[in-house]
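The structure appears below as structure tokens.
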Amino acid sequence: MTTFAIASRDELWLGGALVESRLMHGVATQRGDSIDASDARDDELVRACDLAIDAARAAVASFRDARVRIVVRATQNGEVETTMTIAVDGVSVVTTPPDALADYELLHRVRNGSAALRGAIVWQNGSAAVLLHEAFGHASEHDAAPVAWPSWLSIEAPLVSRRETFRDVPLLRMARLVARQTDAPFVMPDERIEVQLVAGGAYDPMSDMVTVEVAVSSAGPFTMRRSRAEVAASIAGASGEPIRYPGVICSREGQELYVASYAPLMITDGLL
Amino acid sequence: MTEVYRKVGRVIRYENGIVIAVSESGEAFEKDGVFQARPFVQKIAQTRALTPSAIAYVEQYVAQVRLSVRSGRIERFIASAGVATHEINGSNWSEESRRVHLSLVNRPLRALIDLASFDVEIIKAVADALARVGAEREVKRIRLAPNVSAALLPSLIGELAMEQSGGGFDGRGQRIETRAVTHDPPPNWYRPGYAVRPLRAWMNIRALPFGRIDHDAPIAIALLEPIHGTSLRVLCIDGDDVFPTTVDGSHIASVSRAEPVWYPYAAGSFGVEMML
């Protein structure tokens, strides 16, 4: 028998004003293939959420032009996770309170360009983590057949049992994705599209296709859709240490979970 | 604080091999422009134990479906049976619900089935057709089966003559009355869960019958992708021939007069055979 207990607070702020506030709590007990779940309250978890959301609210007040969703989740193993989704002019990042200000400023700094959509892609700001989240992480969740990744690339994406709420069935999901390069080639291509922020992505286990929706790039927003093997073959180089990408809320089976994501500056060629 | 909405619910859900029984009660209200939702403690304690008969009911349906579909063809299978009571503005009502979501695969195709009843026949029909699907074909005239037309209907609001079917209450406790569906703001409010801020929506829409259905025309029996705008990728049967095709659903040539069936698309959609 296993027991899972959770409390969460979820707030939506528009232009510095609170517009929606939710409290959720519950307990799920699993015996074999059966789960009995109810909205039982664990006061300690609710208190942990209250403390954490107070800290997050302090950052929100100054984001006057943003739509901010704060989600705090406290689970019985003592873990308290605070995520903030900050959107300005339809472009969003997912961050945590310590990085919220820097990521809010990033949202104001990045600009879409109008370059022709051709050449290599340079994945800035750790955004290659989203490409690898779909092509490596989700493929691992679905036991996809191996494809040939560059020998200089290592990807750490451990799968652990996770669920969004007490109402949900736990699934093996990524907790984080960290991509690293060791002595990777790196030559900045003359003809390139520079990706700053990504709006979303998907992996279809049936077709083995990877989709990434780019939100901000030197060529403006665009959608890339390629097979997993093509994605792996396209990775042409990387440089530097893994960079924290501000934002992966991963949705699978209707359950939205935060996945911390890091990747070095990376080049792909042949995806456009 | 003005109106307080309360919901007490219990659902048994089968989800890809796991049966989960969920009991919860929640309330939602608006205060100073802030929508708030939280669990609430019921005055009368509700049983928290699993109900063997309810679980058996769901499990029996799951077993029937699995028997009707070749193993390996089911990619995703969720079936649930629930009961809920609602209270707002002095109105109280209760409802029972059944929901089924199934995706069946025959690479590279995936058929999507969403139902509000524990129907096995429709699943068997789609599974059988998917197993013998042939090459892509184009069609000029096509019938849409009720489960397909119901999925399309929300995309045709304001474009096709349809009405909101009266009966029951909306998310704010107002009676749902039969009304013509137009581009105007809907009179009713849809609240898919207690923690979701209600939105104006046309509820339980149905197309008004007109024209004549050609029963010799090929029939689309399942979606192969979620609908994008009015573009439908569907699994189609024409005599002994089964094929995938993509059609534009923006022009409806006729709507059957048969009794419609309710499907869980948008804020409720009645499906009936339609022709493009």
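For the stretch A:162-251, the set of GluC sites (Glu not before Pro) satisfying both a DSSP loop assignment and a count of at most 15 other C-beta atoms within 10 Å is given as A:GLU191. With only the Cα atoms considered, the protein assembly as shown has a convex hull volume of 170 Å³ per residue. Kirkwood radius and radius of gyration were both taken over the C-alpha atoms of the stretch B:1-115, and their ratio Rg/Rh is 1.10. Around the amide H of B:ARG172, modelled in the peptide plane, lie the amide H atoms of B:TRP189, all under 5 Å away and 5 or more residues distant in sequence or on another chain.
For the stretch A:224-253 versus the stretch B:58-111, the inter-centroid distance based on Cα atoms is 34 Å. Amide hydrogen proximity for B:SER117: with H placed 1.01 Å from N in the peptide plane, the residues at 5 or more positions away or on another chain lying under 5 Å are B:VAL100. With loop membership from DSSP and a limit of 16 other Cβ atoms within 10 Å, the longest segment of chain B without GluC sites (Glu not before Pro) is B:4-135. Net charge of the neighbourhood of B:ALA125, taken over other residues with C-beta under 13 Å away and scored Lys/Arg +1, Asp/Glu -1, is -1. Each Lys or Arg adds one and each Asp or Glu takes one away; over the other residues whose Cβ falls under 12 Å from the Cβ of A:VAL178, this sums to +1.
Each residue of the stretch B:193-202 was assigned a 3J(HN,Hα) from its phi angle through the Karplus curve 6.51 cos²θ - 1.76 cosθ + 1.60 (θ = phi - 60°); the sequence is x, 5, 8, 10, 4, x, 10, 5, 7, 6 Hz, with glycine and proline shown as x. Each residue in A:THR3, B:THR246 was given a count of other beta-carbon atoms within 10 angstrom of its own, and listing them fewest first yields A:THR3, B:THR246.
Using the Cβ-Cβ distance between B:HIS251 and A:ASP183 with R0 = 60 Å, the FRET efficiency computed as 1/(1 + (r/R0)^6) comes to roughly 0.50. Solvent-free Debye calculation, one equal scatterer per alpha-carbon of the stretch A:134-208: log10 I(q)/I(0) at 0.13, 0.14, 0.20 Å⁻¹ equals -0.57, -0.65, -1.13.
Dipole magnitude for chain A: about 260 debye, using +1 per Lys or Arg Cβ and -1 per Asp or Glu Cβ, origin at the Cα centre.
Between the helical axis of A:100-109 and the longest alpha-carbon principal axis of chain A there is an angle of about 40 degrees. The stretch between B:ASP214 and B:THR178 holds 10.1 nm of extra length on full extension. This uses 0.36 nm per residue minus the Cα-Cα distance. If you take the Cα centroid of the stretch A:156-204 and the Cα centroid of the stretch A:1-72, the two points sit 24 Å apart.
Taking amide H positions as modeled 1.01 Å from N, with prolines and chain starts lacking one, the residues under 5 Å from A:SER261 and 5 or more places away or on another chain are A:LEU177, A:TYR245, A:GLY247. Karplus-derived 3J(HN,Hα) values for the stretch B:111-124, using 6.51 cos²θ - 1.76 cosθ + 1.60 with θ = phi - 60°, are 9, 10, 10, 10, 9, 10, 8, 8, 8, 9, 4, 5, 5, 4 Hz; glycine and proline are entered as x. Legend: calculated FRET efficiency, A:ASP99 to A:ALA144, from the Cβ-Cβ distance at R0 = 35 Å, rounded to 0.05, equals 0.65.
Out of the chymotrypsin sites (Phe, Trp or Tyr not before Pro) in the stretch B:187-245, which ones are loop residues according to DSSP with at most 14 other C-beta atoms within 10 Å?
Answer in residue order: no site qualifies.
Principal axis analysis of the Cα atoms in chain A yields extents of 58, 47, 30 Å, listed in decreasing size. Taking trypsin sites (Lys or Arg not before Pro) across the stretch A:90-145, the ones in a DSSP loop with at most 15 further Cβ atoms lying within 10 angstrom of their Cβ are A:ARG111, A:ARG118.
A cut-off under 13 angstrom between Cβ atoms defines the neighbours of A:ARG111, and their net charge, with Lys, Arg +1 and Asp, Glu -1, is -1.
Across the stretch A:259-266, coupling constants 3J(HN,Hα) worked out from phi with the 6.51/-1.76/1.60 Karplus curve, θ = phi - 60°, read 10, 5, 9, 9, 7, x, 4, 9 Hz, and Gly and Pro carry x. In terms of Cα atoms, the Rg and Dmax of the stretch A:198-272 work out to 13.2, 35 Å.
Just so you know, all these numbers are worked out from the coordinates, no wet-lab data involved. No experiment lies behind these values; they were computed from the predicted model shown. Note that each Cβ is placed from the backbone with ideal geometry, even for glycine, and that neighbours are counted across all protein chains shown.
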